Amino acid sequence: MQAPIKQQRGAQAEDLACRHLQAKGLKLITRNYRCPRGEIDLIMDHAGTVVFVEVRYRSNPNYGSGADSIDYRKQCKLNATALHYLQHHDALAKRQARFDVISISQRTGQPQIDWIVNAF
């Protein structure tokens, strides 16, 4: 059974975001970390900093960018999930950490990637 189209697009957006960040020098630690508090799409290393990455895809930019959809409630869930992750990974808990957002939209037929470092 195939995954729903929305899940397929989400996975494709995460693949694209991961490749983009790796091309910029980040190293993948894990994907789709889930816990009872929520999910983080990508966890990466950037020169010793643990980077929690939320990936958002918008096929229609008329409703705002993907980054615009990360409201306070979502930020709280990401923060709680990141804390859970760090509590279970002692070596990484000693490092600096930040939250980045990759917002992907379809403009002119090609994906437009906006990387927001230290988004919140």
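Summary table below
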| quantity | calculated |
| --- | --- |
| Selected residue (only one of Tyr85, Tyr57, Tyr63 is farther than 24 Å from Ala23 by Cα and modelled with pLDDT under 95) | Tyr63 |
| Residue satisfying all of: in the stretch 90-106; over 30 Å from Gln12 (Cβ atoms) and charged (D, E, K, R); most open to solvent (accessible area, probe 1.4 Å) among these | Lys94 |
| Those residues of the stretch 30-43 which are open to solvent by 10 Å² or more (accessible area, probe 1.4 Å), in a strand (DSSP E or B) and not acidic (Asp, Glu), in sequence order | Thr30, Arg31, Asn32, Tyr33, Arg34, Cys35, Gly38 |
| Residue within the stretch 19-29 that is open to solvent by less than 30 Å² (accessible area, probe 1.4 Å), at negative phi and under 12 Å from the mean Cα position of the chain (by Cα) present | yes |
| Counted residues, the stretch 79-120 - those being under 14 Å from the mean Cα position of the chain (by Cα) and either under 18 Å from Arg58 (Cβ atoms) or assigned to a loop (DSSP other than H, G, I, E, B) (or both) | 13 |
| Failed criterion for Asp68 (all others in (1) open to solvent by 50 Å² or more (accessible area, probe 1.4 Å); (2) assigned to a strand (DSSP E or B) hold) | (2) |
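The values are calculated or read from the model by the stated rules, or taken from the named source; none is laboratory data. It should be emphasised that the depicted structure is a prediction, and the values quoted were computed from it without experimental measurement. Cβ sites come from the backbone with ideal geometry, for glycine too, and all protein chains shown count toward neighbours. What goes into the accessible areas is simple: the full protein's heavy atoms, side chains included, and nothing from ligands, DNA or RNA. Shrake-Rupley method; radii C 1.70, N 1.55, O 1.52, S 1.80 Å.
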